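Participant: Dropping a structure here in structure tokens format, bear with me for questions.
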């Protein structure tokens, strides 16, 4: 039985708590949050140690692993404290505000032999994973270009209260929202060597961007067009869409389906010439417990299995997430704000 702690009881913290609380090989022994009222409410229903200081939690509870769901500004210091205790870490995205500090934490975790994972849950989504397999198998041949879009209604009015509106706290469309989009580009097409024509646009927010647009050039020459906007009220929920053009055809994917067009039959017999469509229910394998979507459970179960097996090569390590941090750094340096 693994013992775990959870640091940060916001929306994602509560989501992760509910999932891990049902895991047969996990016992959550401690939680940390600055709001005592929230901690007291939790203790009414669950026997668990509560802390307002994560350092005291690590010292007293000494958990096998930690789930970190705090704003990005605190990720590095919490990650370093966990590493000092030899505690494996699952950290919510994005990884860090400082590329140099994030790179250093990658080394610290690797040297300590720790399992690390960052919460880019779309890497565990059934439809996106099916398309990842299509790309890896060369079904559409060499990829030349793709379009990667993400839209949502996260910010629809001016606000200075939320941390999402504050640059120093890790707010802004790119860090808090569009990082999922950029991580998918890394997952599908590998590391980025160059960014071009970046534009960061404020719509409601004064200190951060509400939309950004850029082109990514990957190491093997694949070029991607990125369009992200978290202030589009026409979307009820966050929406991702990727259109990928290859020498043998193309694939269009969102969270509900993928549509694959091939110029010739797939030699492996899985797809036919012309259009092939696969829907989410066909591709899901079924999760043991669902909150907000099977992919949230899948990513945590993947992390727990890695901790049990002492396997540091998770599907989204600190190093993987650090590459997305690097791309965001490049976009900020190259981009024009308006």
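Participant: Just the residues that are part of a loop (DSSP other than H, G, I, E, B) and either outside the structural domain of residue 133 (by TED's automatic domain parsing) or buried (at least 16 other Cβ atoms within 10 Å of the Cβ) (or both), please, taken from segment 260-275. Walk me through it before giving the result.
Facilitator: Start the filter on segment 260-275 by keeping residues that are part of a loop (DSSP other than H, G, I, E, B), which leaves 263-273.
266, 271 - these are the residues of segment 260-275 that are part of a loop (DSSP other than H, G, I, E, B) and either outside the structural domain of residue 133 (by TED's automatic domain parsing) or buried (at least 16 other Cβ atoms within 10 Å of the Cβ) (or both).
Participant: Which numbered condition in (1) assigned to a loop (DSSP other than H, G, I, E, B); (2) modelled with pLDDT of 95 or more; (3) crowded, with 17+ Cβ neighbours inside 10 Å is the only one that residue 287 fails?
Facilitator: Answer for residue 287: the failing condition is (2).
Participant: Looking at segment 13-30, which of the residues that are outside any helix (DSSP H, G or I) and touching a helix residue (DSSP H, G or I) at 6+ places or on another chain (Cβ under 7 Å) is farthest from residue 60 (Cα to Cα)? Before you say what the answer is, go through the steps one by one.
Facilitator: Within segment 13-30, the subset outside any helix (DSSP H, G or I) is 21-30.
Of the ones still in play, those that are also touching a helix residue (DSSP H, G or I) at 6+ places or on another chain (Cβ under 7 Å) are 23, 25-26, 28-30.
Values: 23: 23, 25: 21, 26: 18, 28: 14, 29: 11, 30: 9 Å.
Among residues in segment 13-30 that are outside any helix (DSSP H, G or I) and touching a helix residue (DSSP H, G or I) at 6+ places or on another chain (Cβ under 7 Å), the one farthest from residue 60 (Cα to Cα) is 23.
Participant: I would also like to ask the following. Starting from residues that are surrounded by 14 or more Cβ atoms within 10 Å (Cβ to Cβ) and assigned to a loop (DSSP other than H, G, I, E, B), keep the ones in segment 207-230 and report whichever is farthest from the chain's Cα centre (by Cα). Walk me through it before giving the result.
Facilitator: Taking segment 207-230 and keeping what is surrounded by 14 or more Cβ atoms within 10 Å (Cβ to Cβ), we get 208-218, 222-230.
Remaining after also requiring assigned to a loop (DSSP other than H, G, I, E, B): 208-210, 222, 230.
On the way: 208: 20, 209: 19, 210: 19, 222: 22, 230: 16 Å.
Checking each candidate, the answer is 222.
Participant: Could I ask something else about it? Which of (1) touching a residue at least 12 places away in the same chain (Cβ under 8 Å); (2) under 25 Å from the mean Cα position of the chain (by Cα) does residue 74 not meet, given it meets every other one?
Facilitator: Of everything listed in (1) touching a residue at least 12 places away in the same chain (Cβ under 8 Å); (2) under 25 Å from the mean Cα position of the chain (by Cα), residue 74 misses just condition (1).
Results for (1) closer than 20 Å to residue 95 by Cβ; (2) surrounded by fewer than 22 Cβ atoms within 10 Å (Cβ to Cβ), shown as yes or no for each residue.
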{"residue": "148", "(1), (2)": "yes, no"}
{"residue": "166", "(1), (2)": "yes, yes"}
{"residue": "169", "(1), (2)": "yes, yes"}
{"residue": "182", "(1), (2)": "yes, no"}
{"residue": "190", "(1), (2)": "yes, yes"}
{"residue": "205", "(1), (2)": "no, no"}
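Participant: Among the candidates 233, 298, 257, 243, single out the residue that is over 29 Å from residue 144 (Cα atoms), modelled with pLDDT of 95 or more and surrounded by 15 or more Cβ atoms within 10 Å (Cβ to Cβ). Quick ask: steps written out before the conclusion?
Facilitator: Values: 233 fails: surrounded by 15 or more Cβ atoms within 10 Å (Cβ to Cβ); 257 fails: over 29 Å from residue 144 (Cα atoms); 243 fails: over 29 Å from residue 144 (Cα atoms).
Unique residue meeting the criteria: 298.
Participant: Going by what's in this entry, would residue 278 be described as outside the structural domain of residue 12 (by TED's automatic domain parsing), closer than 23 Å to residue 126 by Cβ and surrounded by fewer than 17 Cβ atoms within 10 Å (Cβ to Cβ)?
Facilitator: Here the answer is no, as residue 278 does not meet what is asked.
The values are calculated or read from the model by the stated rules, or taken from the named source; none is laboratory data. Source: prediction; values computed, not measured. Note that we place each Cβ from the backbone using ideal geometry, even for glycine, and neighbour counts take in every protein chain shown.
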